[in-house]
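J.: Below is the structure I would like to discuss, written out as structure tokens.
The values are calculated or read from the model by the stated rules, or taken from the named source; none is laboratory data. Since the model is a prediction, treat every value here as computed from it, not as a measurement. Ideal geometry is used to build each Cβ from the backbone, glycine not excepted, and the neighbour counts take in all protein chains shown.
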Amino acid sequence: MDGIGNAVLYGSDDSRESNAMVELLKELGIQFEYRQVNSDPAAMREWEQLDGERVPLLRLGNNSIVRGFDRIKVQQLVGWVGC
């Protein structure tokens, strides 16, 4: 999707919400980088600097962050639903 910038998803192998967010992003056609905080120390540090409270954590561009699996917020950020 145009205008989003870089999308990075911080998640965990054992998180159902992380897996659901991966599927949502694919469904919406959003290209993203998936960083596993449970197996990648660098990803863990980045995640902790952003929030570090829960996964998934989605960073869209430099300004938008979605904490947890929030389908509606992601859709709003990418212009799929109205306010």
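J.: I want to confirm something. Restricting to the stretch 10-57 and keeping residues that are among the basic types (Lys, Arg) and out of contact with any strand residue (DSSP E or B) (no Cβ under 7 Å at 6 or more places or on another chain), which single residue is surrounded by the fewest Cβ atoms within 10 Å (Cβ to Cβ)?
T.: Arg16
J.: Only one of these is in contact (Cβ under 8 Å) with a residue 40 or more places away in the chain, of a type in the set (Val, Ile, Thr) and in a helix (DSSP H, G or I): Val8, Val74. Name it.
T.: Selected residue: Val74, the only one of Val8, Val74 that is in contact (Cβ under 8 Å) with a residue 40 or more places away in the chain, of a type in the set (Val, Ile, Thr) and in a helix (DSSP H, G or I).
J.: Looking at Glu53, Glu46, which is the one that is in a helix (DSSP H, G or I) and of a type in the set (D, E, K, R)?
T.: Glu46
J.: While we're looking at this one, here's another question. Residues Arg35, Arg45: which one is touching a helix residue (DSSP H, G or I) at 6+ places or on another chain (Cβ under 6 Å), farther than 17 Å from Gln76 by Cβ and not acidic (Asp, Glu)?
T.: Selected residue: Arg35, the only one of Arg35, Arg45 that is touching a helix residue (DSSP H, G or I) at 6+ places or on another chain (Cβ under 6 Å), farther than 17 Å from Gln76 by Cβ and not acidic (Asp, Glu).
J.: Being more than 16 Å from Glu23 (Cα to Cα) and hydrophobic (A, V, I, L, M, F, W, C) is the filter; apply it to the stretch 61-79 and report the residue that is modelled with the highest pLDDT.
T.: In this case the residue turns out to be Ile65.
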